[in-house]
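Please read the structure below before turning to the comments.
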Amino acid sequence: MDLERIQRKWIHVETVYPKYLLPMFIALILLLTAAYIFHLRRAVAQRTHDLNQLNIELQRLASIDAMTDIYNRRYFIELLQQACDDNQTGLSLLLFDIDRFKLINDNFGHSVGDFIICEMVKTIKRQLPPEAVFARIGGEEFCVLIQGITAEQSQKLAKRVQSSVTNSHYCHDNINHAISISLGVVYSEDVYIDHQFLINRADHLMYTAKSMGRDCYQFNKL
């Protein structure tokens, strides 16, 4: 009787159990495969996101001045050229540098000079409208490009920028440094103009301002 029962159980194992084992095994394989594909897709999506973020950061670094965190010369020239080509609402270019900046570097060192540049940039940023393009195009030389304003607004902006720097004092190692800037301001209204001519004209006006005693601006409407 016991032998017969054992034989029946063995037949049951041989015939019934394998019948359900194979589908379960296949289901397990499919489940593991689906989990792996899901994990792989997430990994690929994350990798793609990371690469996109890296590309954005590289593009930003290629257009930004590392010390001041404003636009660099190369990118600014590109934007200025495009603005000049598409000029339909009037544009203004402010070009300026720090008066007697060499004396600061010579007397206090380049670290102090760099500090003053960075602090001055922060001061000027607070005076600029959101649409203004602010760039460092040389050691202590800067440009501001703004579109869609009038000649009068352009002059008011130049005066505001100049006054904000004059009225600020930058303290480094318990020493207050007062600086000034001289600006050349060019305004062009509703006409195509060569971007290099605009820069040259603004540069000439800046040196005219320096020859007139510094800490002022010279304006020209083209």
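Rule-based calculations on the coordinates, nothing more; no lab input. Keep in mind that this is a model prediction, so the values were computed, not measured. For neighbour counting, all protein chains shown are included, and Cβ atoms are generated from backbone atoms with ideal geometry for every residue, glycine included.
Here are a few things to note about the model shown:
- Here's how it looks for ASP99: its modeled amide H is under 5 Å from those of SER180, ILE181, SER182, which are all 5 or more places away or on a different chain.
- Stretchable slack from ASP106 to ALA62, in nm (0.36 nm times residue separation minus alpha-carbon distance): 12.8 nm
- Stokes-Einstein, applied to the Kirkwood radius of region 38-122 over Cα pairs at a viscosity of 1.567 mPa s and 4 °C, places its translational diffusion at 77 µm² s⁻¹.
- Against the chain, whose longest principal axis comes from its Cα atoms, helix 110-125 is set at around 90 degrees.
- 5 angstrom amide H check on HIS177, placed H, neighbours 5+ away: TYR170, CYS171, HIS172
- Mean Cβ neighbour count within 10 Å, used as a protection proxy, ranking 83-90, 43-50, 166-173 highest first: 83-90, 166-173, 43-50
- Extension gain, SER163-ASN176: 0.36 nm per intervening residue step, less the Cα-Cα distance, totals 2.9 nm.
- Across region 182-198, the residues whose backbone nitrogen lies under 15 Å from the label position 7 Å along the beta-carbon direction of GLN81 are 193-198.
- Cα-based helix-to-principal-axis angle, 73-85 vs the chain, degrees rounded to 10: 80 degrees
- Between VAL191 and ARG73, the FRET efficiency estimated from the beta carbon spacing at R0 = 25 angstrom works out to 0.50.
- Placing a label point 7 Å from the Cα of ASN200 along the Cα-to-Cβ line, the residues of region 153-189 whose backbone N sits under 20 Å from it are 184-189.
- In degrees, nearest ten, helix 17-63 long axis to first principal axis of the chain (Cα): 10 degrees
- FRET E, pair THR123, ILE37, Förster distance 41 Å, beta-carbon r, rounded to 0.05: 0.15
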